[in-house]
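Everything below concerns the one structure shown next.
The values are calculated or read from the model by the stated rules, or taken from the named source; none is laboratory data. No experiment lies behind these values; they were computed from the predicted model shown. For neighbour counting, all protein chains shown are included, and Cβ atoms are generated from backbone atoms with ideal geometry for every residue, glycine included.
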Amino acid sequence: MVTVSETLQLAVQHHRANRLPQAKQFYDKILKIQPKHPEALHGLGMLAQQVGQYENAEKFFNAILYVQPNSVKAWFSLGNLRQVQGQLPEAVEAYHRVLAMQPKLVAVHNNLGYTLQQQGLWEEALACYQKALEVKPDSIEISVNWANALHVLGKLPPEKQPYYAALNHDLGLSQKKAGDLKNAITYYRQAIALQPDLALAHYNLGLALQEQGKLEEAIDSYQQALELNSSDAEVYNKLIHNKLSQLYRQQNKLKKADSPDRLKIAFIGQPMVMTSYPKPADSIGILTYELVSLLSSDCEVIVYTPGESFKEVSHQGVDYRYIPISQDKLLLKYLEKFPGFDQTKRPIFGSNLYYLGYILRIANDLRKQQCDVVHIHNFSQFIPVIRAFNPGIKIVLHMHCEWLSQLDKKSLEGRLSKVDLVIGPSQYITKAISQRFPQFAQRCQAIANGVNVERFINSSLLGQNLTNKNNVKRLLFVGRVCPEKGVHVLLEAFQKVVAQYPETQLTLVGPLGVIPYEYLVALSDDPKVADLVSFHRDDTWISYLKKQLSQLNGQAGDNVPKPLSLAGLVPPSNLAKYYQQTDIFIFPSICHEAFGMPIAEAMVAGVPVIATHGGAFPELVEDGKTGKLVERSDADALAEAIIQLFSDEELRKSLGQAGRKRAVEFFSFEKVADDLLSQYKNICGKSVHGS
């Protein structure tokens with residue numbers, strides 16, 4: 001039998017994971033056994049406050065105080081609740097009750113100061129922040145509140161104001177990310193008060209105001225951002241245009257609901273990747289989520305993705321359908337035992353039998369849905385099945401790799417004859433397809449992959465006031481940490497760089513492990529890619545990495561930061577801080593990449609890029625203008641490029657600025673969605689101006 005303590009533990013786990021209905025169920029179970037249980041009452045009070053049920057929240061907190069009149073937690077929570085509701089004198093009273101019992105609670109001093117600040121009692125607020133800093137001097141939030149109070153009182157030195165303006169802005173971003181627009185706006189306004197020409201604060205204030213529906217105020221903030229950034233006017237103009245266009249579409253969504261130009265689109269995810277929406281972790285899942293979120297303003301959208309069982313979930317106007325694949329996995333295990341599926345040009349993942357059950361279920365459901373367009377990622381064998389069930393549907397094949405240039409030509413030819421549009425993320429991909437299948441060249445279009453510009457643009461300007469002032473030079477790689485991405489070449493070059501700049505640090509962000517041999521190395525005719533075969537023997541690659549890590553970091557002292565760090569897989573929402581903290585971004589891929597999402601992200605963030613001269617990279621990086629390109633597998637050339645940029649701060653800055661301008665103009669998700677919609681309408685015979 002589950003104890004009360006175990007039930008409380010489960011409730012707290014659900015609460016922390018934001019699974020509020022489940023948390024409430026467990027809290028309620030506890031109260032049925034112990035109606036006055038203080039922790040369960042507090043949990044329900046916090047839960048009620050989270051969903052805006054303030055009266056219920058107050059009842060739960062008061063219930064605790066009825067049993068435990070000196071409950072610090074209850075009085076503090078009651079003070080926070082009253083502060084949120086604007087009951088400021090009552091909040092002050094509650095905070096004083098807490099401090100009478102425990103006078104050194106930092107959070108209470110800070111919240112009391114903020115509440116007094118809202119009442120215009122700045123001297124009293126300043127005293128509270130100073131008491132909090134005496135206990136916790138390294139708190140950024142309290143330091144910012146203290147500095148804001150000093151500024152209002154005319155006591156903050158002018159030379160300190162840009163620093164605290166940047167910190168206010170940073171806290172605004174954190175509050176917005178947490179969903180607290182009200183406090184985010186407060187911090188943005190304080191950043192502007194400290195540094196009126198901080199254009200990024202005006203821009204992000206506009207974003208927050210727009211989310212609140214305060215369009216006129218948002219436009220005013222955007223205009224301020226434009227006027228303050230003559231050097232970045234084009235970047236901001238594009239960003240603001242994207243945001244206002246998105247708002248216009250959202251406002252007109254209901255009007256277009258019955259429009260004959262409104263298309264119904266279905267996306268089909270890769271069957272071997274278990275993507276979970278709305279928080280995908282894989283690159284194609286992220287691309288799909290961002291695009292359908294934008295397209296849903298103009299189209300009705302369905303996304304099919306693999307799952308453990310059938311499930312249908314709606315999120316922000318998009319219908320996500322999870323299709324079970326367990327039977328397909330069993331069939332694949334059976335087929336792998338048969339000869340014939342181990343051929344290089346006809347591998348099992350290119351077979352018509354590969355996840356056949358998955359696509360049959362989707363094709364049958366598509367027939368019921370009566371979609372106008374179906375958008376397939378990578379797997380051309382799905383085309384004949386879709387066409388058989390849906391003769392009139394328009395089929396788009398989106399290739400993120402070189403399979404159409406590498407796999408059996410005869411099989412591919414029959415599939416491509418049934419497709420209406422082939423998309424590649426670069427001219428490198430579409431040109432290769434057109435050359436191999438000239439009869440289908442007119443169906444091929446290049447549309448670049450997108451970047452969440454808003455996420456990464458914030459790191460580019462905020463870093464100006466928070467730049468590390470010591471001699472440490474920082475390099476960053478983001479992607480799969482594998483030989484195909486040239487990580488071994490980067491490590492060899494890194495040793496040469498460290499010899500000249502001993503305090504250089506390299507961070508590798510991404511999962512470890514080689515790309516399956518049959519997916520890339522086996523298919524490539526490129527000798528430099530073929531040379532990677534040695535890393536595919538047993539655990540050769542992991543052993544190599546361990547050896548490099550030991551050699552590079554073994555020379556560093558105990559109290560000195562290690563030269564090489566492996567950050568592992570980082571959620572997309574946390575990547576921006578890595579770009580913000582680096583001097584140069586390196587992407588030394590040996591294989592010919594179809595695009596290069598991390599390069600585009602770094603460019604948006606304003607970080608100078610060094611990449612290799614191969615695949616789509618020359619389409620992203622203009623050598624000498626928006627970054628540097630070196631030959632693949634050339635550690636000497638890579639080291640030389642890094643050393644050149646380390647020695648020339650002005651060059652790093654100019655490359656970063658030019659890269660940001662190019663990336664915002666060409667690689668935003670808004671542009672990609674617009675380009676896709678135009679292509680959809682074109683193959684469907686709709687007006688491309690109907691959006």
Please pick out the residue among Asn56, Asn110, Asn80 that is surrounded by fewer than 17 Cβ atoms within 10 Å (Cβ to Cβ) and not assigned by TED's automatic domain parsing to the domain that holds Ala191. Asn56
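Listed here are the residues, each with its yes/no results for (1) closer than 30 Å to Ser573 by Cα; (2) touching a helix residue (DSSP H, G or I) at 6+ places or on another chain (Cβ under 6 Å); (3) of a type in the set (S, T, N, Q); (4) touching a residue at least 24 places away in the same chain (Cβ under 8 Å).
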{"position": "Arg387", "(1), (2), (3), (4)": "no, no, no, yes"}
{"position": "Lys394", "(1), (2), (3), (4)": "no, yes, no, yes"}
{"position": "Leu404", "(1), (2), (3), (4)": "no, yes, no, yes"}
{"position": "Ser411", "(1), (2), (3), (4)": "no, no, yes, yes"}
{"position": "Lys418", "(1), (2), (3), (4)": "no, yes, no, yes"}
{"position": "Lys431", "(1), (2), (3), (4)": "no, no, no, no"}
{"position": "Ala441", "(1), (2), (3), (4)": "no, yes, no, no"}
{"position": "Asn452", "(1), (2), (3), (4)": "yes, no, yes, yes"}
Could you give every pair whose Cβ atoms fall below 8 Å, whose first residue belongs to segment 351-374 and is within 25 Å of Leu332 (Cβ to Cβ), and whose second residue is of a type in the set (Lys, Arg) and surrounded by 18 or more Cβ atoms within 10 Å (Cβ to Cβ), counting only separations of at least 6 or pairs across chains? Asp365/Arg321; Val374/Lys394
Screening Asp232, Asp258, Asp220, Asp180 for residues that are buried (at least 20 other Cβ atoms within 10 Å of the Cβ) and at pLDDT below 90 leaves only Asp232
Tally, over segment 617-670, of residues that are surrounded by fewer than 19 Cβ atoms within 10 Å (Cβ to Cβ), in contact with a Leu (Cβ under 8 Å, 6 or more places away or on another chain) and more than 22 Å from Ala594 (Cα to Cα): 3
Over segment 413-428, the set of residues touching a Ser or Thr at 6+ places or on another chain (Cβ under 8 Å) and part of a helix (DSSP H, G or I) is Arg415, Leu416
So is Tyr354 part of a helix (DSSP H, G or I) and in contact with a Pro (Cβ under 8 Å, 6 or more places away or on another chain) or not? no
Assess whether Val604 counts as being modelled with pLDDT of 95 or more and either crowded, with 20+ Cβ neighbours inside 10 Å or not β-branched (Val, Ile, Thr) (or both). no
Quick one: how many residues across segment 171-199 are part of a helix (DSSP H, G or I) and closer than 26 Å to Gly52 by Cα? 16
Among residues belonging to segment 69-87 that are under 11 Å from Tyr54 (Cβ atoms) and assigned to a loop (DSSP other than H, G, I, E, B), point out the one that is nearest to the chain's Cα centre (by Cα). Gln85
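Yes/no per residue for (1) buried (at least 18 other Cβ atoms within 10 Å of the Cβ); (2) more than 21 Å from His400 (Cβ to Cβ); (3) outside the structural domain of Tyr289 (by TED's automatic domain parsing); (4) of a type in the set (A, V, I, L, M, F, W, C):
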{"residue": "Val313", "(1), (2), (3), (4)": "no, yes, no, yes"}
{"residue": "Gln316", "(1), (2), (3), (4)": "no, yes, no, no"}
{"residue": "Leu335", "(1), (2), (3), (4)": "no, yes, no, yes"}
{"residue": "Phe349", "(1), (2), (3), (4)": "yes, no, no, yes"}
{"residue": "Tyr355", "(1), (2), (3), (4)": "yes, no, no, no"}
{"residue": "Arg367", "(1), (2), (3), (4)": "no, yes, no, no"}
{"residue": "Ile383", "(1), (2), (3), (4)": "yes, no, no, yes"}
{"residue": "Arg387", "(1), (2), (3), (4)": "yes, yes, no, no"}
Exception for Glu665 within (1) modelled with pLDDT of 95 or more; (2) charged (D, E, K, R); (3) assigned to a helix (DSSP H, G or I) falls at (1)
Which of the helices (runs of 4 or more DSSP H) found entirely inside segment 485-554 contain at least 1 residues meeting this: aromatic (Phe, Trp, Tyr) and under 30 Å from Ser351 (Cβ atoms)? 540-554
